[in-house]
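The values are calculated or read from the model by the stated rules, or taken from the named source; none is laboratory data. What you see is a predicted model; the values in this text were computed from it and never measured. Positions of Cβ are backbone-derived with ideal geometry, glycine not excepted, and every protein chain shown enters the neighbour counts. Remember, those area values only see protein heavy atoms, side chains included, never the ligands or the DNA or RNA. Shrake-Rupley method; radii C 1.70, N 1.55, O 1.52, S 1.80 Å.
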Amino acid sequence: MPSLKDLKNRIASVKATQKITKAMKMVAAAKLRRAQEAAEAARPYSQRMAAVLDNIAQAVGADDAAPRLMTGTGRDDTHLLIVCTAERGLCGGFNSQIARFARDHVRKLLAQGKTVKIICVGKKGFDILRREFASLIIDRVDLREVRKIGFENADRIGHKVIELFERGEFDVCTLFYSEFKSVISQVPTSQQLIPASAGPVAAERDSASAIYEYEPDAAAILTDLIPRNISVQIFRALLENVAGEMGAKMSAMDNATRNAGEMINKLTLNYNRQRQAQITKELIEIISGAEAL
């Protein structure tokens, strides 16, 4: 049984931890509002960009002049996975959910005999995936020194992906991130970047009767638009991740603060009981000594 001094030290230690978790919760709550606004502001632009890309791709169709970023290599042998996670922990299962989602996809591709390459954006995803797929990770993007995610960060990743594609390093590129829904809900999501999807975007498509003319031509516009769209989608993924990380951290620190409070109550009760027992024992010893005299 721990002594009174041990219990007192432990109570003080848990109280100090509770102060830290409460402060981290408040910081996460302050950052969450800005991160959520940034993520929500990026969604309409990225969705509209995808809708415009879809419209032009429909006009080009299977034209030989269409860029390879849209048509692909014609093969499905090598897959590049961009896994975006947070740089820091203490945010519950946020990072592990994304990594698990990507890991399941990797296992499925390997079972089909595909070649898989991974680019990790964020330290936590890299730490989790390297335990099983260290040989598949070809690059890691470190954003720990970046205080505020900007489009230039996503654009550098986009250019790196396009350079790999032009060198023939892969055939299909898929982006993994967590879509922010609410403080307690972040959904792991995957999105194919290359070949650029030309599927219907029902919510964003204009009227079917509309006729568009492109200048200089649709293929030339796609050549400039697809690389920009890749960077835009990566930028949106990074913003969604920041909002999701702050929401998950706020929830995790709130739970940790409550758990610390419960632990303090239990330790205090144990301390008081043991102290009362010790006082009672001392009184019995004094009374017994007095009666003996």
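General remarks:
- The length gained by stretching the chain between Ser185 and Leu136 to full extension, at 0.36 nm per residue less their Cα-Cα distance, is 14.7 nm.
- Among Asp171, Asp155, Asp104, the largest mean-square fluctuation in a Gaussian network model of the chain, built with springs joining Cα atoms closer than 10 Å, belongs to Asp104.
- Projecting label points 7 angstrom from Cα along Cα→Cβ for Gln192 and Arg33 puts them 4.2 nm apart.
- Net length available on complete extension from Leu283 to Ser13 is 94.1 nm, with 0.36 nm assigned per residue and the Cα-Cα distance removed.
- Assigned charges on the beta-carbon of Lys, Arg, Asp, Glu; the range 28-106 dipole about Cα centre (debye): 540
- The range 105-203 - Kirkwood radius from inverse mean 1/r over Cα pairs (Å): 15.5
- Here the dipole of the range 223-279 is about 400 debye; that uses its Cα centre as origin and unit charges on the Cβ of Lys and Arg (positive) and Asp and Glu (negative).
- Figure legend: label point modelled 7 angstrom from the Cα of Leu110 along Cα→Cβ; residues of the range 172-191 with amide N under 18 Å from it are 174.
- Mean separation of Cα pairs under 8 Å and 6 or more residues apart, divided by the residue count, gives the chain a relative contact order of 33 percent.
- Nearest-0.05 FRET efficiency for His159 and Lys22, computed from C-beta distance (R0 41 Å): 0.45
- Packing-based order for 13-19, 219-225, using average beta carbon neighbours within 10 Å, highest first: 219-225, 13-19
- Overall, the chain carries a charge dipole of about 2000 debye about its Cα centre when +1 sits on the Cβ of Lys and Arg and -1 on the Cβ of Asp and Glu, all other atoms neutral.
- Helix-only [θ]222 nm of the chain, DSSP H runs n ≥ 4, -39500 (n - 2.57) each, per residue, nearest 500: -22500 deg cm²/dmol
- Accessible area of the chain divided out per residue, in Å², using a probe of 1.4 angstrom: 56
- For the chain, the extents of the C-alpha atoms along the principal axes are 113, 40, 31 Å, listed from largest to smallest.
- Chain lengthening between Gln47 and Glu145 when straightened (0.36 nm per residue, less Cα-Cα): 32.4 nm
- Extreme residue, positive dipole direction of the range 61-171, given options Ala134, Ile119, Phe94 (C-beta unit charges): Phe94
- Net charge of neighbours whose Cβ lies under 12 Å from the Cβ of Ser13, counting Lys and Arg as +1 and Asp and Glu as -1: +3
- When a 1.4 Å probe is rolled over the protein heavy atoms, the share of accessible surface on the chain that falls to carbon and sulfur comes to 52 percent.
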